[in-house]
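Report on the following structure.
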Amino acid sequence: MGRDGARRLCKDFGISWHALLRGDAQAVRDVARLGSADPEALLPLAFRRIEGERLVHRGMVLQKGMVAGRRLRFCPACLESDVSSGRGRPEARAWRRSEWLLADVASCSEHGVELNELGSLPVKVAEDFSRAVAAALPLLSEAVRSAIPCPASGFERHVLRRLSGIDPTDPGEAWLHGVPLFAAIRFCEVVGAVALEGIGAPERKLRDKGTRRRQAAGYEIAAGGPQAFRDFLSRLQRAQGRGTAKPGPQAVFGRLYLWLNHAPRDPAYDAFREVLREHCMDTMALGPGDRIAPFGSPVPTRRLHSIRSAAMEYGINQVTLRRILFTTGVASPAQSDLTDDQVTFDADANKDFLRDLTSSLTLEEAAARVDASPGQLLALVDAGLVPTWIGSHVEGSNRHRFRPSDLDGFLGALRVRIDASSPADRPLAGIETAARRACRPPACVAALVLSGGLTRLGNSGQRVGYRSVLVDPGEVRTALVPEEEGDLSLAAVRNATGIARHVLAALVRSGILVGRSARHPVNGTTRFLVPPADLERFRATYVPLASLAAGCEVTPQLLKRRLDASGVEPALDPAVAKAVIYRRVDIPDLASLDLRPWPSGKRRSAPRRV
C-alpha cells in the first residue's frame, strides 16, 4: 500500500480514508480500481456500517463490539506463508484475514492454532495492518514454533461457515442459521453461561478467558434446534427441584430469561423468545391474566393447571385436590415430591373432571342425600348398588367422593320399584329389620328391591330414601333361603352329639367327619357344614367314650379300664382325635362288664382324711 501507509495513499488519490473504514461503497470501488480488482467482489468483504451499532460483512450482520478494531490479531503460520510466497517488501506481502477481526473467533481454522495478539494499538496504527504487523515479522519463526494448538470449536466453525456462505446440512443447525449472526453469537454465549454456571450466571459485557468455553457449550445445545433447546430448558426445570416460590419463567430460567426479556428488545431474538414462550406454556401452569406470563405477552388459553391454580379456579381445598389427583392418576407419581405450584396436569383434558369434583359429595354428604348412615352407604357401595366416583372401601371412608347424579339414580330406581309394587296385606318393616330377621346383609335386601325380586313394598316418609323403604320380612326370608339349608354347622353338630368343638375340628382334619366348606351368608366367614346323612353315618359307626360312660352312669376312667381289660382298642389315635372314640362294632355287651354304678347315679365321695 506504499511506504507511507494506506491512509496517505488514499489521501493522494482523493479517497476518504474514514469512508473506506465505514465500508462506503464508492470508497471501496475506488480502492478496487487502484488495485485492478473487481469492485463487486470486494464490496461484500468490507465491514459496512448500517443503522445503530451494527456492521455487515459478507452478508452477515454483526454488532460493533464483535469486531476487534484496535486489537491486532493474526495467525503466525498464515503470515509466515504470506511472507515466504509473496513479492515486494515483507510487510506488503502479509495480508489480514477478515476472520481475524472477529472477536468471537480465537483460532485459525486452517492451522488449528490460537491467534496471536499484539494488544491494543493506537488507532492510526491499528487501522493499517501492514504498518502494524511490520514489527512482528522478524519474530514470525519463533511465533510459529511457540504457537498454542487450538482447534476451532463447533461454534467458531459455525461462524466461519456462515461468513463463507455455506448452507447448513443439519436440520437443527438450520434453526440457528435462520437468525442474524450477531443474535446467534449472543444466544450461544448466554445459553452456555447458564449451562455451565447455572441460572444465576452473571451478566458480562466484556469478553474474558471463559467466553470461548461458554460459546462452545451454548452452541452444542443450540445446534440441535428448537427441540434440543427445549430439552435444555426442561433440565433447568428439573434442576430447580422442590421450592416454595411460585415457579414463574424468571425463577426457573434466571439469567437466560432476563436476557431475552429485558436486554435485547430486538426482533432478531424473537425466534428464541418464541421457543421459550411455547415451552413455558407447555410446562407451566399459566393462564389468561397471569402476571408471570413469559415476556409479558397475554396467555390466550390455559394448557396446564397446577394444584394451586386449579384449587383457586374451582374453589377446591388444595390438600383434598392434591390427594385426589394422585389417587386417580391425573397427576403423575413422578411429581409426588413437588409443591402444589409445581405439580401440573393437562387443563383441557381434565376440565370435566374438575367440574365434577367441585359438585361431588363426601361420604357423609352422600349418606345424608340418600337417607342412610355412612356405614349403610358403604355397604351399598361394596355390594355394587351405589357407584362411587372416587375411592374404595380399602382406602378408607374419608377418601370417597360421589356424584350427585349417581345418588339420584339410586333413589330414582327405588322410587320406580315402590310405585310398581302391589299393596301389602301384611305388616312391613325397614330394610335393616327385614335383613336381621332373614340373617342376611341389608345390601342383599336392597338388591332384591332394585332387581324387582320383591313385590310388596312401601315408603314411610315424604321422600324416598334408603331408610324409608319398607319391605315384607316374610317375602324377604322366602327370597333369601340359603343354599345350604339343612346342612349343620359344627355348633349344631356339637349340640346334637355332645362332642366338644375342638374334637369335631380334629375329626374334620382327619377326614372322619365328612362335609364341605361354605361362606357364611351374613358375616362372610368360611365355615364347615355337615350334611345330616353324613352325621348319621358317623354316629352309627363311632361312639365317644364319654357318651358310653354317661349311658352306663359310670366315670369314663372306669369304663376305659374295663374296655382295656377286655382288649378293646380306640378306633382313632387319641392324640389325633383329641378324645377316646371307639367303633360301635368293637364294643362288647356292657352288661357283661363289672361296672358297678354309683348308688342313685351319684359319685361316691372320697373318704375324709383324719
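The values are calculated or read from the model by the stated rules, or taken from the named source; none is laboratory data. Keep in mind that this is a model prediction, so the values were computed, not measured. Every residue, glycine as well, gets a Cβ built from its backbone with ideal geometry; the counts of neighbours run over all protein chains shown. Accessible surface areas use protein heavy atoms only, side chains included; no ligands, DNA or RNA. Shrake-Rupley method; radii C 1.70, N 1.55, O 1.52, S 1.80 Å.
Values as computed for the structure displayed
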{"read-out": "Residue in region 9-30 that is surrounded by 14 or more Cβ atoms within 10 Å (Cβ to Cβ), among the basic types (K, R) and over 26 Å from R161 (Cβ atoms) present", "value": "yes"}
{"read-out": "Residue match in region 194-210 (condition: in contact with a Lys or Arg (Cβ under 8 Å, 6 or more places away or on another chain), open to solvent by 20 Å² or more (accessible area, probe 1.4 Å), assigned to a loop (DSSP other than H, G, I, E, B) and β-branched (V, I, T))", "value": "yes"}
{"read-out": "Within region 354-378, tally of residues that are over 27 Å from the mean Cα position of the chain (by Cα) and of a type in the set (D, E, K, R)", "value": "4"}
{"read-out": "Selected residue [under 30 Å from G412 (Cα atoms), of a type outside the set (S, T, N, Q) and free of Cβ contacts under 8 Å to residues at least 40 places away in the same chain] from E475, E569, E536", "value": "E475"}
{"read-out": "Qualifying positions in region 20-39 - in a helix (DSSP H, G or I) and under 20 Å from E99 (Cα atoms)", "value": "L20, L21, V28"}
{"read-out": "Scope region 93-129; condition polar (S, T, N, Q), at pLDDT 75 or above and either surrounded by 17 or more Cβ atoms within 10 Å (Cβ to Cβ) or not in a helix (DSSP H, G or I) (or both); matching residues", "value": "S107, S109, N116"}
{"read-out": "Unique residue being touching a residue at least 12 places away in the same chain (Cβ under 8 Å) and under 24 Å from P138 (Cα atoms) when the list is L34, L79, L43", "value": "L79"}
{"read-out": "Candidates L428, L407 - the one that is of a type in the set (A, V, I, L, M, F, W, C) and touching an Asp or Glu at 6+ places or on another chain (Cβ under 7 Å)", "value": "L428"}
{"read-out": "Answer residue from region 10-19, given it is assigned to a helix (DSSP H, G or I) and at pLDDT 80 or above and is nearest to E91 (Cα to Cα) among those", "value": "C10"}
{"read-out": "Residue check, F229 closer than 30 Å to L43 by Cβ, at pLDDT 90 or above and open to solvent by less than 10 Å² (accessible area, probe 1.4 Å)", "value": "no"}
